[in-house]
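To start, the structure itself, in structure tokens.
Bear in mind that the values in this text are calculations on the coordinates, not laboratory data. As the structure is a computational prediction, the values presented were derived from the model and not from experiment. Glycine gets a Cβ as well: all are built from the backbone with ideal geometry, and neighbour counts include every protein chain shown.
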Amino acid sequence: MHHLFIVMVIGGAIIWALTIGVLAYAGRTRPKPMSVRGASRLIVWGGVAFPVIVLFLLLSYAVWLMPQVRPWLPGAMDGTAEIEVTGEQFWWRILYLDQAGKPAFETANELHLPVGRRTTFRLKAADVIHSFWIPALGGKMDMIPGRDNTLSLEPTKAGIYRGPCAEFCGTSHALMAFSVVVMEEADYLAWRAARTQAPVAPQKTSGQELFFRHGCAACHAIAGTPAIGRIGPDLTAVGERQTLAAGTLSNTPDSMIRFIRDPASIKPGVKMPAFGMLPDGDIEAISAWLGGLK
Amino acid sequence: MKWLREIETFWTLFTAPTVWALHFLICYVAFAVFCAKQGALALSFDTVRLALGGVTVVALGVIVLSAWLAWRQWGFGTDDPPHDAPTDEDRRKFQGFATLLLAGLSFVAVLYVSVPLLFIGACQS
Ligand SMILES: [Cu+2]
């Protein structure tokens, strides 16, 4: 990939310099009229043979490079981590796969990636077309219902990045984003191990009891509890995420309460019902419990 | 071969671009079908590649033949363009020259279309 860039920049620079050089030469000198033979020869060599050969070489080079640049060719991406991301109105379902390509664990709205390692994304859509884009890390790729698109990225610097949905997908399209936490390899492996191990049941509080009593578990899953709903985002360790509601709110107890009380006032068209009818105390208890999941 | 020179048709003009189009279709359709039905066909990737290499050689051959006929129709370059006089001879030469140029274009295009045959060694997984 890196080489493609260098070769194209240098090749383009040479062609640009040649063209500008010829232009300058033509503008400065007062050329003698050419013979018909000479002019034809110039056209055949300079206007036909030269571009045909240069284009042939560039095309061959680009096609030759393709297996390395295109992650879906077999062998190109062996040994890289794979993550399946599904765009849903208006959030991101994230499924980490293990070495054998089998599901390892699920999360939502926040990616954790190791620095200096290439990760392959398998991109899907559940309802309409979305587009997966982490501007700081690379180009975007559409997520199309019924299709698997593939993209591979290699973060080179640890940090937290943001990825917006880049294809209009409904009323809350502009409120559909995710965070990308790029970590040192060791931290990443520790984070992954914590997720893959048999989940520890979170501390039982009245918040947990209310979460089940009010039916949140019908749509949300939380590892280590009986909650296995799949309509909404997985809430395992939701307290550790940078943001809430797919990059829309900062992850504070206040925003959690606001969101649970009336999600549609924050994200129009959202697929989560309002829980404003619950007593304030219940919502606060649920939020406190969810915020403590790390 | 006198009859050849007497037939008045535009088809000689289109021969080379038609070969180019057919070659393009055959290459792309062959690999689309092969990759979609990998298990069902008892062929290896390289067999299909070689077969398409053969198709490419045949296509280039037909284009060269068409170019030679055009060159002859043009009078082997004895006369320079633009051949725009309202005479039978100029019409014939004009068509010959145009055919020759199209044959050149088609030759290069067929070569370009064949580049992936050299470098791509597997179906998308
Ligand atoms: Cu979207």
Partner aspartates and glutamates for A:Lys204 [C-alpha distance under 19 Å; skip if fewer than 8 residues away on the same chain]: A:Asp234, A:Glu240, A:Asp282, A:Glu284
Distant-in-sequence amide H partners of A:Asp262 (H built 1.01 Å from N, under 5 Å): A:Phe275
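Determine, for B:Ser66, A:Ser131, the number of other Cβ atoms within 10 Å of each Cβ, and report the residues in order from fewest to most.
Ranking B:Ser66, A:Ser131 by Cβ neighbours within 10 Å, fewest first, gives A:Ser131, B:Ser66.
Report the gain in length on full extension from A:Ala100 to A:Met277: 0.36 nm times residue separation, minus Cα-Cα distance, nm rounded to one decimal.
59.1 nm
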Chain B - Cys residues lacking any other Cys C-beta under 4.7 Å: B:Cys27
Expected 222 nm ellipticity per residue - DSSP helices of 4 or more, -39500 (n - 2.57), all of chain B, to 500: -26000 deg cm²/dmol
Total charge dipole magnitude, the protein assembly as shown, about the Cα centre, Cβ charges on Lys, Arg, Asp, Glu only, Debye to nearest 20: 900 debye
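Which whole number gives the average count of other chain Cβ atoms within 10 Å of the Cβ atoms across peptide B:115-122?
For this peptide, the per-residue mean of nearby foreign Cβ atoms is 5.
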Per-residue average of Cβ from other chains inside 10 Å of B:99-109: 1
Which of B:Phe34, B:Ser106, B:Phe94, positive extreme of dipole for the stretch B:10-116 (C-beta unit charges): B:Phe34
Translational diffusion of chain A, µm² s⁻¹ [Kirkwood Rh, Cα pairs; Stokes-Einstein; 10 °C; 1.306 mPa s]: 70 µm²/s
Sorted by Cβ neighbour density within 10 Å, fewest at the top, the residues A:Arg118, A:Arg28: A:Arg28, A:Arg118
Aspartates and glutamates with Cα under 20 Å of B:Lys93, excluding same-chain neighbours fewer than 8 positions away: B:Glu6, B:Glu8, B:Asp79, B:Asp80, B:Asp84
Potential lengthening between A:Ala201 and A:Thr156 on full extension [0.36 nm per residue; Cα-Cα distance subtracted]: 12.7 nm
Lysines with Cα under 25 Å of A:Lys32, excluding same-chain neighbours fewer than 8 positions away: none
Taking A:Leu18, A:Leu95 and counting other C-beta atoms within 10 Å, the order from fewest to most: A:Leu18, A:Leu95
Using alpha carbons only: equivalent-ellipsoid semi-axes of chain B, gyration tensor based, whole Å: 38, 13, 11
Prolate/oblate/rounded label for the stretch A:206-291 (Cα gyration tensor, a/c 1.5): rounded
Assigned charges on the beta-carbon of Lys, Arg, Asp, Glu; the stretch A:206-291 dipole about Cα centre (debye): 320 debye
